[in-house]
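These notes concern the structure reproduced below.
The values are calculated or read from the model by the stated rules, or taken from the named source; none is laboratory data. Quick caveat, the model's predicted, so the values are computed rather than measured. Using ideal geometry, Cβ is built from the backbone for each residue, glycine included, and neighbour counts are taken over all protein chains shown. Keep in mind that these areas ignore ligands, DNA and RNA; they rest on the heavy atoms of the full protein, side chains included. Shrake-Rupley method; radii C 1.70, N 1.55, O 1.52, S 1.80 Å.
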Amino acid sequence: MVEVSQPGERGVDDAVLDAARDCVLAYGVRRTTLTDVARRAGVSRMTVYRRWPDVQSLIGDLMSREWHQVLTDAADDGRAGSARSRLVSRVVAAARVLRSHPLLCKIRDVDPEVLLPYLLDRRGNGQDEMLRFLVAALVDGHEDGSVRADDAEVLARMVYLTTQSFVLSLRTVADDVPVAEFDRELARLVDGYLRPDQGDDGLLPRP
C-alpha cells in the first residue's frame, strides 16, 4: 500500500504510477521492474523503493487508481432519473469501460495470474471502492423508493458479481453477438433485480 503523500509529493506518486502503467502496457507485469519504472518516471530508484517495496504493491496501487478513475467518470455522468436508473446506467458504463480498458486488457491477456488472487482469494482496494460505490447508490435508491428494501451490502455484492462476469468473462461466450446486446442485458438484469416490486419467490428459505 502506498504511503500517504506529503504536500508536493503527489506529482511524484502520479509520475511513478504513470510510468508503471506505460511499462505494463509495453512489457507486461512480469517484465516490468522498479528500475524500469524509475527510469521512465525520471526519478531515482530509491524514490520508488521508499514508496513501493516491490512491483506487486506498485501494480496494486496502479490498478486501484485506474479503477477509481473509471468509477469517478461513471458517477459524474449527470444522468437524471431515479437512483435505480442512475445506478444501472453507471454500472453498464463502468463495465463497458473496464471491458476495453487498456491496462486491464493487457494484464488479462499477458499476465492473467495477476488477477487471480482478486477473483479467488481476496478483494483489493479497487474492489472495495466499487462495493462502497454500489452501497452508496443503493442507499440512495432506498431513500427515493426506487430500490427494493433489502440489505444494501448484500445487494451490492450481487450486482458486483454479476457485473464482474460481464467484464472478465464476456468474450468466452460472446461469439458473434454484438457487445451492445450484452450491455442491454446487463442493464435489464440489474434493473430487474433491484426493482422494489420484485417479490420473494420462496425457492430458498431465508436463514
Explain nothing, just compute: Karplus ³J(HN,Hα) = 6.51 cos²θ - 1.76 cosθ + 1.60, θ = phi - 60°, for every residue of the range 38-51 in order, whole Hz, x for Gly and Pro. 4, 4, 5, 7, x, 10, 6, 4, 5, 4, 6, 5, 5, 9
Points 7 angstrom from Cα along the Cβ direction at Met158 and Leu170: gap in nanometres? 2.2 nm
Among 115-125, 171-181, 64-74, how do they line up from the highest to the lowest mean number of other beta-carbon atoms within 10 Å? 64-74, 115-125, 171-181
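For the chain, what is the accessible area per residue in Å², given a 1.4 Å probe and the full set of protein chains? It would help to have the intermediate numbers written out before the result.
On the way: 11600 Å² over 207 residues.
So the chain comes to 56 Å² accessible per residue, rounded to a whole number.
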Against the longest principal axis of the chain, how steep is helix 55-75, in degrees 0 to 90 to the nearest 10, with axes from Cα atoms? 40 degrees
Expressed as a whole number of Å, what is the distance separating the alpha-carbon centroids of the range 123-159 and the range 46-109? 17 Å
At 7 Å along Cα-to-Cβ for each site, give me the label-to-label distance between Asp73 and Arg188 in nm. 2.7 nm
For the chain, the longest principal axis of the Cα atoms and the Cα long axis of helix 152-168 enclose an angle in degrees, to the nearest 10, of 60 degrees
Considering only the other residues whose Cβ falls under 9 Å of the Cβ of Gly126, what net charge follows from Lys and Arg at +1 and Asp and Glu at -1? -1
Carbon plus sulfur, as percent of the 1.4 Å-probe accessible area of the chain, comes to 54 percent
Using only Cα atoms, tell me the angle between helix 125-144 and the longest principal axis of the chain; keep it within 0 to 90° and round to the nearest 10. 30 degrees
Reference-scaled alpha-carbon Rg (2.2 N^0.38 Å with N residues) for the chain: 1.16
